[in-house]
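So the structure is just underneath, and the comments pick up after that.
No lab work stands behind these numbers, since they all come straight from the coordinates. These numbers were taken from a predicted model, which means no experiment stands behind them.
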Amino acid sequence: MRLPATIPAGARLVVRIALGPDREDGRPKFRDYIGHVVDWNGRRLILDRDPAANGSRPGERVTLQAEDMVALKPVPERRSPPDPQNFSR
């Protein structure tokens, strides 16, 4: 995959990483990381990974290698949940 020469710190991205073929069915497996860029040097990306929306996984800092990346794209910020006090019926 052709990767950008620069990625600004603070940009929110989704990065898809190839994990290799599944042992049981042979199909390729992937993992997606969504978060904010801390640093990018062309070979490795340091990302502050967002916590899972359902609370099942806390946020974490991850280092991803360029040779494992198969997709990279910007994504908008996650919307805040609505404030129930502002609902009018």
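Considering just Cα atoms, how many Å³ per residue does the convex hull of segment 1-60 enclose?
Taking the convex hull of the Cα positions in segment 1-60, it is 106 Å³ per residue.
Highest GNM mean-square fluctuation, the chain, Cα pairs closer than 10 Å: which of ARG12, ARG61, ARG23?
The residue with the greatest mean-square fluctuation here is ARG23.
Short version: ³J(HN,Hα) in whole Hz for each residue of segment 3-12, in order, from phi by Karplus 6.51 cos²θ - 1.76 cosθ + 1.60 (θ = phi - 60°), x for Gly and Pro, what are they?
10, x, 6, 9, 9, x, 4, x, 5, 9
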